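Chemist: My questions all concern the structure below.
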Amino acid sequence: MKSNTIKLITVLFAMMFLAVGCVGSKDPKPAKAEWMYDELVDVAFVKQHVTVPMEENVMIIDSRPYKAKYVKGHIPGAVSIPWTKFDEKKDLLPKNKDALLIFYCGGVECKLSHKSAKKAKSMGYTNVKVLPTGFPSWKKQKGEYPSVSAEYVAKVVADNTGMIVDSRPLETKYNKGHIPSAISIPFSKFETLKGKLPRDPATPVIFYCGGLHCRLSHKSARESIKMGYTNVKVFSEGYPAWKKLYGASAQAMAVKAGEVEGSIDLARFNEIMSKNPSSIMLVDVRDADEFAKAAITGSVNIPVDKLEAKAKELPKDKPIVFICPTGARSGEAFYMLQDVMPSLKDVFYVEAEVTFNKDGSYKLKKTE
Amino acid sequence: MFRKTLIGLTALLFVMVSVSFSFAADASGGPGGNDRKGKYTYRKVYKACAGRGEVSSPKPVVSPADKTMAEWKTIFESRNFEAFGCLEEWGNLSDKDILDIYTYFYNHGSDSPSPAQCQ
């Protein structure tokens, strides 16, 4: 009798352990079918490789159809290479064959990621994985959110079915161009401005900022999820992708901002210098002896050490652009003016490696 | 004994997490602040310091190329700014300001691709 009781208790304990094991497993591994690729990973593995910006030798690839699936929601940072267009788009894969490639599609029954992974392996990629539980398992992660594409954002704007939030700085970015109807909640002021978010926490909210290297929208999304918002998305490709597809909004200026805060778009700078250099005031902030050796035609010299004293003499009727050989002194000049003359709005600097030639010409090389 | 070990490990974990969050590295391994802004903020520290008479010149005496990137990392992560002087001004800086200055020093350290250029 005693022996039977002990057996019964042992069996009960074993059953409890099994039950707990089943409940506790958040991302159970699916039974492996024959058609599956052999190197499978779970969503926790993927999560540790989702960074902003993405690591250089890591690519997460969405094998689902672009318009029907990817545009409406994908893992942040994932690149779209639909299985049906694999051959056409395979050049998007990294050049480094040892890069980590993680393919995913629509869940355990979806074969697209497995087919794509096998094909990538046959192309010589050595570190190829598949997330068999796919995008559904990403969405189930607590505190995570999907990314959406510009086409999706455009539909939300057109249909007025959600709130679009610009997480970039107000004066240097938002005021110079933003997605129509977007409100400004710079991440640096999120705490004080979060009251601008919709009252209903179920309202769709889409955050965006300056592109795939910008973290502001992601940080804002996480904060809003903590606040209880349940339908949060990030337009990771951000304003650069929007402008490329739909053009700049009405607030865009003649002098176009570059990717880095306060910088001028280099192509636009070259255009201005070749067509209408007098439309800006180009201030060379190098020391006088450097300026005397070679300087750009039409530029004026105000060494950065003397700029603060001369700030009031700067014109208010045209954009001011600071320049130096690397962007260090000109960047400093930009922030100095932001501090001591905040009323001057049209101020930029050239974020590039600049070569000054004796004939008054110059050459720009984008800072790496 | 077990309880003490558990408390010790928890405290260690807390310290490690706090340190890693205080200056989270960016994707390139740098501090992730704004080095252009950091340069201006750094100079502003000495301007204010000279204004109240602790130093004779507003021009900073410590430059990024004085130490390696790893050395700057150690200094800024330990928040030991004694070598810079002007501790009153350092004490008034926000975490973001310090991160920006750290980024400026780290990005232009003696073993960086552009040590203390464009001073």
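The values are calculated or read from the model by the stated rules, or taken from the named source; none is laboratory data. All of these numbers come straight from a predicted model, not from anything done at the bench. All Cβ positions, glycine included, derive from the backbone under ideal geometry; neighbour counts span all protein chains shown. In case anyone asks, the SASA skips ligands and DNA or RNA and just uses the protein heavy atoms, side chains included. Shrake-Rupley method; radii C 1.70, N 1.55, O 1.52, S 1.80 Å.
Chemist: Which residues, counting only those in region A:176-193, are buried (at least 16 other Cβ atoms within 10 Å of the Cβ) and closer than 23 Å to B:K96 by Cα?
Modeler: Residues satisfying the conditions are A:S184, A:I185, A:P186, A:F187, A:F190, A:L193.
Chemist: I need the full set of residues from region A:316-368 which are more than 20 Å from B:D100 (Cβ to Cβ) and among the aromatic types (F, W, Y), in order please.
Modeler: Scanning region A:316-368 gives A:F356, A:Y362.
Chemist: Would you point out which residue out of A:D87, A:D98, A:D91 is open to solvent by 20 Å² or more (accessible area, probe 1.4 Å) and assigned to a loop (DSSP other than H, G, I, E, B)?
Modeler: A:D98
Chemist: In addition: Would you check which residues across region A:64-81 are of a type outside the set (V, I, T) and either part of a loop (DSSP other than H, G, I, E, B) or within 14 Å of chain B (Cβ to nearest Cβ) (or both) and list them?
Modeler: Across region A:64-81, the qualifying residues are A:R64, A:P65, A:Y66, A:K67, A:A68, A:K69, A:G73, A:P76, A:G77, A:A78.
Chemist: Still on this structure, I have one more. Return the total of residues in region A:260-272 being in contact (Cβ under 8 Å) with a residue 60 or more places away in the chain and surrounded by 15 or more Cβ atoms within 10 Å (Cβ to Cβ).
Modeler: Here the count works out to 7.
Chemist: Now a separate question. Please verify whether region A:316-339 includes one or more residues that are within 12 Å of chain B (Cβ to nearest Cβ), open to solvent by less than 50 Å² (accessible area, probe 1.4 Å) and assigned to a strand (DSSP E or B).
Modeler: The answer is yes; a qualifying residue exists.
Chemist: Now, a different point. Considering only residues that are free of Cβ contacts under 8 Å to residues at least 60 places away in the same chain and assigned to a loop (DSSP other than H, G, I, E, B), look in region A:159-171 and name the one that is least open to solvent (accessible area, probe 1.4 Å).
Modeler: Applying the filter and picking the extreme gives A:S167.
Chemist: Looking at region A:172-199, I want the residues that are closer than 20 Å to A:Y349 by Cβ and have a partner that is aliphatic (A, V, I, L, M) and open to solvent by less than 20 Å² (accessible area, probe 1.4 Å) with Cβ atoms under 8 Å, at least 6 apart or on another chain. Which pairs are those?
Modeler: Sorted first by the residue in region A:172-199, then by its partner, the pairs are A:Y174/A:A182.
Chemist: If I filter region B:52-70 down to residues being in a loop (DSSP other than H, G, I, E, B) and among the hydrophobic types (A, V, I, L, M, F, W, C), which single residue comes out as farthest from A:E308 (Cα to Cα)?
Modeler: The first filter runs over region B:52-70 and keeps only residues in a loop (DSSP other than H, G, I, E, B), leaving B:52-63, B:67-68.
Keeping just the survivors that are among the hydrophobic types (A, V, I, L, M, F, W, C) gives B:55, B:61-62.
Numbers: B:V55: 20, B:V61: 20, B:V62: 22 Å.
The selected residue is B:V62.
Chemist: Could you check region A:42-63 and list, in sequence order, the residues that are outside any loop (DSSP other than H, G, I, E, B) and of a type outside the set (K, R)?
Modeler: Within region A:42-63, the first condition is being outside any loop (DSSP other than H, G, I, E, B), and the residues that meet it are A:43-47, A:58-62.
Hits for region A:42-63 are A:V43, A:A44, A:F45, A:V46, A:V58, A:M59, A:I60, A:I61, A:D62.
Chemist: Within region B:73-119, how many residues turn out to be of a type in the set (A, V, I, L, M, F, W, C) and farther than 23 Å from A:T326 by Cα? Give the steps one after another, and end with the answer.
Modeler: Step one: list which residues in region B:73-119 are of a type in the set (A, V, I, L, M, F, W, C), which gives B:75-76, B:81, B:83-84, B:86-87, B:90, B:93, B:98-99, B:101, B:105, B:116, B:118.
From what's left, farther than 23 Å from A:T326 by Cα: B:75-76, B:81, B:83-84, B:86-87, B:90, B:93.
Adding up the residues that qualify gives 9.
Chemist: Moving on. As an exercise: evaluate A:V283 against (1) farther than 22 Å from A:Y174 by Cβ; (2) in contact (Cβ under 8 Å) with a residue 24 or more places away in the chain; (3) surrounded by fewer than 20 Cβ atoms within 10 Å (Cβ to Cβ) and give the number of the one condition it does not meet.
Modeler: Every condition holds for A:V283 apart from (3).
Chemist: Let me ask something additional. Can A:K306 be described as open to solvent by 20 Å² or more (accessible area, probe 1.4 Å) and closer than 22 Å to B:V45 by Cα? Explain how you work it out, then say what you get.
Modeler: Values: open to solvent by 20 Å² or more (accessible area, probe 1.4 Å): yes; closer than 22 Å to B:V45 by Cα: yes.
Yes, satisfied.
Chemist: Checking A:A292 against (1) open to solvent by 10 Å² or more (accessible area, probe 1.4 Å); (2) within 11 Å of chain B (Cβ to nearest Cβ), which test does it fail?
Modeler: Failing condition for A:A292: (2).
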